[in-house]
Amino acid sequence: MSSPLYNKIVARKCQTSIYWAVKDEIRYRAETGKYIIRGFGYSGKLPDFDDLLLIPVHGLGTPSPIDQYRERVDTSVVIGKGMVKRPLRLSTPIMIGAMSYGATSREFKLACAKAVNIVGTATNTGEGGQVVEKQSDGSIRWLEFEYTKPNGYLIVQFASGRWGVSLEYLLNSDAIEIKYGQGAKPGFGGHLLGEKVVDEIAYTRGIPKGTDCLSPARHLDIRSLDDLRKVIKILRDIVGYEKPIGIKIGPGNVYKEVYAATQCDIDFIAVDGKYGGTGASPQHAIQGLGLPTLACIPAAVRALKDAGVREEVALIALGGFRDGVDAAKALALGADAVALASAIMIAAGCMMCGQCSTGKCPAGICTQDPELRKRIGGGKGIDEATKWIANYMKAVTKEVAQLAAACGHRSVREFNKEDLRAITVEAAAIAGVKLAGLEDYVLPQWRWF
C-alpha cells in the first residue's frame, strides 16, 4: 500500500490532526514528567470583543455625533467617588494593571510609574511589593510611589502572600487592592520561579534568594465575609479613610463574588477575564480555568445593580485589552475603567518570545538579569520605555474619545449597551447585547436586565 503519494496523503492528514499542534507538549510531559509553565495568557478562540461592534449615530432619528475635531469629549473617571477623602481622579479610563516586581524588572516598573504621571492615570504594584531604594541613613525611598507624582496614582496590592506588605507600603500608596484572583490562573496563587528571586526581590518579598515564591491560593487569614470586613476596616483605619480600597477577582463565579464583595464596604471591584496575562502560570490553568472577559463584565454589572451600589462602586475590567476599540466596548458593557498589562509590556518593547517565566526576557522587561535589564527601552533606558508606554496610553485614550464621539457621547461615561451590537449568537447570549439586524431583540435570559 505504501507509495510516495500514499505517504504524502497520510502525512498531511496527520499534520491536520488535533494532536499535531500539541505533539511537542505531549512529548515534553512524557520526557520530563512535568507540566508546562509559561507566561502570557489563553491561546485559542473564545467569544471576545471582536464579536461586538459599536454603532455610530448620524442625527437622523438618532442623536447627532460629536465633532471630534472641534468639540471635546470628557475622558475623566473617578474611582472612589463620594466614599473617601482622596478618590482617584483619572484623566482617562485607561489604567495599567497589576504586574509584580519580580515577575517584571525594576526598570519596567519605574517606567510604568513615570508613564502614569505623564498621562494622569493609575498603575498597580502587583503582588510583589513596591520598588524601593535603601538610603545610606537606613531610610527607604518608595520610588514607585514617588515616580507617579504629581499627576498619577499608585494602587498597591494586598495579596495572599503579603509579599512586601508593611505599614509604610500601605501608607505610600493612593489605593489598596485586595487580590483574590487573576485572569490567567484563577484558583491559583502567584508563582515566581527561583531564577528571578535575586537579592533585590528577596529583600522586597522577605524570602530567601533563589527560592520559588509561591503565593497561597487563598487568604489564609480571611475565611469569611466577616473576616474580610474586619481586614478592610483595619486597612481603612491605617490610611485614615482617605484612600479607595477594592477587591480583584478572577473569571470564576463573577456574579456571586462581586455581590459578596459589595457587602464589605469597598470602593471598587476589579474583574480579570480569561484573556488576562501572567508572568508564569501552569498552562493547564491558563487554558482550562475561567470565563472570557466578555462574560465577566455584564455579570459584574448585574451584581452591582442588584446590590444597589452601581453608582458608588467602580468596576475596573481587565483581561486581553489591546486598543481603544476593546476599551470602548468594555465601557459600553458597563465598566468604569479598563486596565491593560500585556499590552503595556508590548508597548515597552516586549517581543512575545515566551521567556517571561524563565527570566531570560531579551527586552529587559520580565527579567532580573542585570545585563538584560539594560535593554529596557530598546537599550535607551527607562525614559525611552516611559515615553513608549505614555504614548501608547495617550493613543488608546484618543481612540476611546473618538469612538464615544461617533456614538454621540460627550463623555466616555455615557457609553451604554445600546451602542453595541453582537455579530454572533454566542456573544449576544454571553453579553446581553442585541444581535445585529435584530434591533428590538434581546435573547430571553437578558430581558429583565
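Of the numbered conditions (1) closer than 29 Å to G97 by Cβ; (2) touching a Gly at 6+ places or on another chain (Cβ under 6 Å); (3) among the hydrophobic types (A, V, I, L, M, F, W, C), V57 fails exactly one; give the number of that condition.
So the condition that V57 fails would be (1).
Considering only residues of segment 128-145 that are acidic (D, E) and in contact with a Leu (Cβ under 9 Å, 6 or more places away or on another chain), which is nearest to E200 (Cα to Cα)?
Step by step, filter segment 128-145, then rank; the result is E133.
V338 fails exactly one of the following numbered conditions: (1) at pLDDT 95 or above; (2) out of contact with any Pro (no Cβ under 7 Å at 6 or more places or on another chain). What is the number of that condition?
Among (1) at pLDDT 95 or above; (2) out of contact with any Pro (no Cβ under 7 Å at 6 or more places or on another chain), the lone unmet condition for V338 is (2).
Quick check on this structure: which one of P244, P282, P251, P216 is in contact with an Asp or Glu (Cβ under 6 Å, 6 or more places away or on another chain) and closer than 28 Å to T104 by Cα?
Of the residues listed, the single one that is in contact with an Asp or Glu (Cβ under 6 Å, 6 or more places away or on another chain) and closer than 28 Å to T104 by Cα is P244.
Taking the options A317, A299, A285, name whichever one is within 24 Å of A115 (Cα to Cα) and either assigned by TED's automatic domain parsing to the domain that holds G381 or in contact (Cβ under 8 Å) with a residue 40 or more places away in the chain (or both).
Residue meeting the stated conditions: A317.
Among (1) of a type in the set (V, I, T); (2) more than 23 Å from E200 (Cβ to Cβ); (3) over 15 Å from the mean Cα position of the chain (by Cα), which single condition is T367 missing?
Condition not satisfied by T367: (2).
Do the conditions hold for A98, that is, is it over 23 Å from G120 (Cβ atoms), surrounded by 24 or more Cβ atoms within 10 Å (Cβ to Cβ) and aliphatic (A, V, I, L, M)?
It is false that A98 is over 23 Å from G120 (Cβ atoms), surrounded by 24 or more Cβ atoms within 10 Å (Cβ to Cβ) and aliphatic (A, V, I, L, M).
Tell me, yes or no, whether segment 254-263 has at least one residue that is more than 13 Å from the chain's Cα centre (by Cα) and either closer than 18 Å to L46 by Cα or not assigned by TED's automatic domain parsing to the domain that holds F145 (or both).
There is at least one residue in segment 254-263 that is more than 13 Å from the chain's Cα centre (by Cα) and either closer than 18 Å to L46 by Cα or not assigned by TED's automatic domain parsing to the domain that holds F145 (or both).
Looking at segment 32-40, is at least one residue under 25 Å from D336 (Cβ atoms), in contact with a strand residue (DSSP E or B) (Cβ under 9 Å, 6 or more places away or on another chain) and surrounded by fewer than 17 Cβ atoms within 10 Å (Cβ to Cβ)?
No, there is no match, as no residue in segment 32-40 is under 25 Å from D336 (Cβ atoms), in contact with a strand residue (DSSP E or B) (Cβ under 9 Å, 6 or more places away or on another chain) and surrounded by fewer than 17 Cβ atoms within 10 Å (Cβ to Cβ).
Inside segment 101-113, can you point out the residues that are surrounded by 24 or more Cβ atoms within 10 Å (Cβ to Cβ) and either without any contact (Cβ under 8 Å) to a residue 40 or more places away in the chain or not β-branched (V, I, T) (or both)?
Of everything in segment 101-113, those that are surrounded by 24 or more Cβ atoms within 10 Å (Cβ to Cβ) and either without any contact (Cβ under 8 Å) to a residue 40 or more places away in the chain or not β-branched (V, I, T) (or both) turn out to be Y101, G102, A103, S105, F108, K109, A111, C112, A113.
Could you tell me which residue of segment 325-343 is surrounded by the fewest Cβ atoms within 10 Å (Cβ to Cβ), considering only residues that are closer than 23 Å to I286 by Cα and of a type in the set (A, V, I, L, M, F, W, C)?
Filtering segment 325-343 for residues that are closer than 23 Å to I286 by Cα and of a type in the set (A, V, I, L, M, F, W, C), the one surrounded by the fewest Cβ atoms within 10 Å (Cβ to Cβ) comes out as A343.
Would you check which residues across segment 376-428 are assigned to a loop (DSSP other than H, G, I, E, B), surrounded by 21 or more Cβ atoms within 10 Å (Cβ to Cβ) and within 25 Å of the chain's Cα centre (by Cα) and list them?
I376, G377, F415
Any residue that is outside any helix (DSSP H, G or I), buried (at least 24 other Cβ atoms within 10 Å of the Cβ) and touching a residue at least 60 places away in the same chain (Cβ under 8 Å) - is there at least one of those in segment 344-357?
There is at least one residue in segment 344-357 that is outside any helix (DSSP H, G or I), buried (at least 24 other Cβ atoms within 10 Å of the Cβ) and touching a residue at least 60 places away in the same chain (Cβ under 8 Å).
Within segment 52-75, does at least one residue satisfy the condition of being over 30 Å from V433 (Cβ atoms), surrounded by 13 or more Cβ atoms within 10 Å (Cβ to Cβ) and in contact (Cβ under 8 Å) with a residue 12 or more places away in the chain?
Checked against the condition, which is being over 30 Å from V433 (Cβ atoms), surrounded by 13 or more Cβ atoms within 10 Å (Cβ to Cβ) and in contact (Cβ under 8 Å) with a residue 12 or more places away in the chain, segment 52-75 yields no hits at all.
List every residue pair whose Cβ atoms sit under 7 Å apart, with the two residues 6 or more apart in sequence or on different chains, where the first one lies in segment 208-235 and is touching a residue at least 12 places away in the same chain (Cβ under 8 Å) and surrounded by fewer than 13 Cβ atoms within 10 Å (Cβ to Cβ) and the second, anywhere, is charged (D, E, K, R) and part of a helix (DSSP H, G or I).
Pairs that qualify, where the first residue is touching a residue at least 12 places away in the same chain (Cβ under 8 Å) and surrounded by fewer than 13 Cβ atoms within 10 Å (Cβ to Cβ) and the partner is charged (D, E, K, R) and part of a helix (DSSP H, G or I), are K209/D199.
Go over the candidates I37, I9 one by one and state the one that is β-branched (V, I, T) and without any contact (Cβ under 8 Å) to a residue 40 or more places away in the chain.
Of I37, I9, the one residue that is β-branched (V, I, T) and without any contact (Cβ under 8 Å) to a residue 40 or more places away in the chain is I9.
Looking at segment 10-95, what strands (runs of 3 or more DSSP E) fall wholly within it and have at least 3 residues that are in contact with a Pro (Cβ under 6 Å, 6 or more places away or on another chain)?
Those strands (runs of 3 or more DSSP E) span 77-79.
Let me spell it out: the conditions are (1) modelled with pLDDT under 95; (2) more than 23 Å from D383 (Cβ to Cβ); (3) not basic (K, R), and D74 meets all of them except one. Which number is the exception?
Condition (1) is where D74 drops out.
The values are calculated or read from the model by the stated rules, or taken from the named source; none is laboratory data. Here the structure is a predicted model, which means the values were calculated and not measured. Positions of Cβ are backbone-derived with ideal geometry, glycine not excepted, and every protein chain shown enters the neighbour counts.
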